[in-house]
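Laboratory data are not the source of any read-out in this text; all were calculated from the coordinates shown. Every value quoted in this text rests on a predicted model; they were computed, and no experiment measured them. Here Cβ is always computed from backbone atoms with ideal geometry, including for glycine, and neighbour counts include all displayed protein chains.
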Amino acid sequence: DAKTTQPNSMESNEEEPVHLPCNHSTISGTDYIHWYRQLPSQGPEYVIHGLTSNVNNRMASLAIAEDRKSSTLILHRATLRDAAVYYCIFHTGNQFYFGTGTSLTVIP
Amino acid sequence: EPEVTQTPSHQVTQMGQEVILRCVPISNHLYFYWYRQILGQKVEFLVSFYNNEISEKSEIFDDQFSVERPDGSNFTLKIRSTKLEDSAMYFCASRGRRMNTEAFFGQGTRLTVV
């Protein structure tokens, strides 16, 4: 069973970088690593995904360990609107496996 | 920007009644999913659907649940006889053809069983 492990919660000061870690030691070679976030009372929103190489987009960066057993989502400058639950997810075959997520609090 | 839409946003039903939750996936997407989230808990997988058949389903998706793509645009989740523990947010998602694509989630339907 594919599983991810994330800290339950993290805090960050506004306008500072945030590094959200995820362990996924059971990942297989073809599983993509996705990150989604969920604001209160909303559906999960795509943030970024990758397979082996580090990835950047307008929202965030994704750093994937060489052995692929862990990854880190990097928000370069946290804003108050980034306060959400962040999920590290496997995409494997027919489903996206959600973990319990990290609740990010951004302090003004 | 294309989006997944779900209706209704909130449904209240009596225990034992049938409910149908509706979803309109993004038009050129081929893979469809239902997830649920009980209040305060994590997002749980229910079922995935491709090429007009179920690809995978979880233990939660028992005989009381069914999915259908009746007209090539809608994607529905039916719960035949609702129980109190079915109260949750239900999210529909869809993704495109290639494996390396993200899923787009709808805003959810809040189902309350009384």
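Points worth noting:
- Distance (nanometres) between label positions extended 7 Å along Cα→Cβ at A:Arg77 and A:Met59: 1.9
- The Cα atoms of chain A cover 40, 28, 22 Å along the three principal axes, with the biggest extent listed first.
- Range in chain B, longest, excluding exposed GluC sites (Glu not before Pro) [loop by DSSP; at most 16 other beta-carbon atoms within 10 Å]: B:60-114
- Volume per residue that the Cα convex hull of the protein assembly as shown spans, once the total is divided by residue count, Å³: 121
- Relative intensity, log₁₀ I(q)/I(0), of the range B:1-68 from a Debye sum that treats every alpha carbon as a point, q = 0.16, 0.26 Å⁻¹: -0.67, -1.46
- Between the range A:8-56 and the range B:30-85, the alpha-carbon center distance in angstrom: 25
- Since only A:Thr72, A:Ala84, A:Gln42 are under comparison, the one whose Cα sits farthest along the positive direction of the charge dipole of chain A, derived from C-beta charges on Lys, Arg, Asp and Glu, is A:Gln42.
- Peptide B:45-55 - average C-beta neighbours from other chains (10 Å radius): 2
- Cubic angstrom per residue, convex hull over Cα atoms of the range A:1-51: 123
- Coil-residue trypsin sites (Lys or Arg not before Pro) of the range A:15-108, DSSP, other Cβ within 10 Å capped at 14: A:Arg58, A:Lys69, A:Arg77
- Computed over chain B, the P(r) curve from all C-alpha pair distances, binned at 5 Å from the origin, holds 2, 13, 24, 26, 20, 10, 4, 1, 0 percent per bin.
- Exercise: per-residue mean of other protein chain Cβ atoms within 10 Å, A:33-45: 4
- Among the trypsin sites (Lys or Arg not before Pro) within the range B:37-97, those in coil by DSSP and having at most 15 neighbouring Cβ atoms inside 10 Å are B:Lys42, B:Arg80, B:Lys83, B:Arg97.
- Separation of the range B:1-18 from the range A:70-92 is 28 Å, based on Cα centroids.
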